[in-house]
Amino acid sequence: MRKLKNSELDRLDIDEFKSASKTPLVLVLDNIRSLNNIGSVFRTADSFLIEKIYLCGITATPPHKDIHKTALGATESVAWEYKKSTVDLIAELQKDHLCLAVEQTENATPLNYFIPETSTKYVLVFGNEVKGVSQEVVDSCQGVLEIPQYGTKHSLNISVSAGIVIWDLWSKLQLVSKQN
């Protein structure tokens, strides 16, 4: 097998990305400390045509060299906006989205059991590297998704969590839309 060159990958340019049909997912980054994590989430969002990213609380915003370092230009393609209060944002988004925290809680839905509906727009809330999604934000969401974990560690890096959850929902939405 020959490795493909970048020129052979048939990627969208920024204008094509902005006009392309988007995956019905909005991401909320709540109080993310690491600029590299923020950039990584932008890059993943670009890969799966995510609608928008909201940066909340202490989460830094572009332009910033450390975000750019891992985003590799995705801050130019993916729509984003800063909001100070995650709780206020969730209240606003719930008008036409199902808002789901990604966290470990009582009665959380394991990601592998969650089946998204193609008629629903989703918001995924990812929390701080140390404290996770705050209880106040969890309480404001309509549900919680949990990534099952079986080793000795009780958490994943936020950029890894975002990659897992985004890919999982994207792939399930693709499968459902092909069946319809």
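Here are some notes:
- Qualifying residue in segment 49-66 (condition: part of a loop (DSSP other than H, G, I, E, B), surrounded by fewer than 22 Cβ atoms within 10 Å (Cβ to Cβ), at pLDDT 95 or above and of a type in the set (Ser, Thr, Tyr)): yes
- Residue check: residue 150 meets all listed conditions (1) aromatic (Phe, Trp, Tyr); (2) within 17 Å of the chain's Cα centre (by Cα); (3) more than 27 Å from residue 15 (Cα to Cα) but one, namely (2).
- Scanning segment 6-23 for residues that are open to solvent by 100 Å² or more (accessible area, probe 1.4 Å) and charged (D, E, K, R), we see that the one that is farthest from residue 76 (Cα to Cα) is 10.
- Selection of strands (runs of 3 or more DSSP E) fully inside segment 72-130 by the criterion of at least 2 residues being closer than 25 Å to residue 61 by Cα, in contact (Cβ under 8 Å) with a residue 12 or more places away in the chain and open to solvent by 60 Å² or more (accessible area, probe 1.4 Å) returns 79-83.
- Filtered by the rule that a residue be free of Cβ contacts under 8 Å to residues at least 60 places away in the same chain and open to solvent by less than 40 Å² (accessible area, probe 1.4 Å), segment 136-152 gives 138, 140, 141, 143, 144, 145, 147.
- Hits in segment 25-40 - residues which are in contact with a strand residue (DSSP E or B) (Cβ under 6 Å, 6 or more places away or on another chain) and either open to solvent by less than 30 Å² (accessible area, probe 1.4 Å) or without any contact (Cβ under 8 Å) to a residue 12 or more places away in the chain (or both): 25, 26, 27, 28, 29, 30
The values are calculated or read from the model by the stated rules, or taken from the named source; none is laboratory data. Here the structure is a predicted model, which means the values were calculated and not measured. Methodologically, a virtual Cβ is constructed for each residue, glycine included, from the backbone with ideal geometry; neighbour enumeration extends over all protein chains shown. All accessible areas refer to the heavy atoms of the entire protein, side chains included, with ligands and DNA or RNA removed. Shrake-Rupley method; radii C 1.70, N 1.55, O 1.52, S 1.80 Å.
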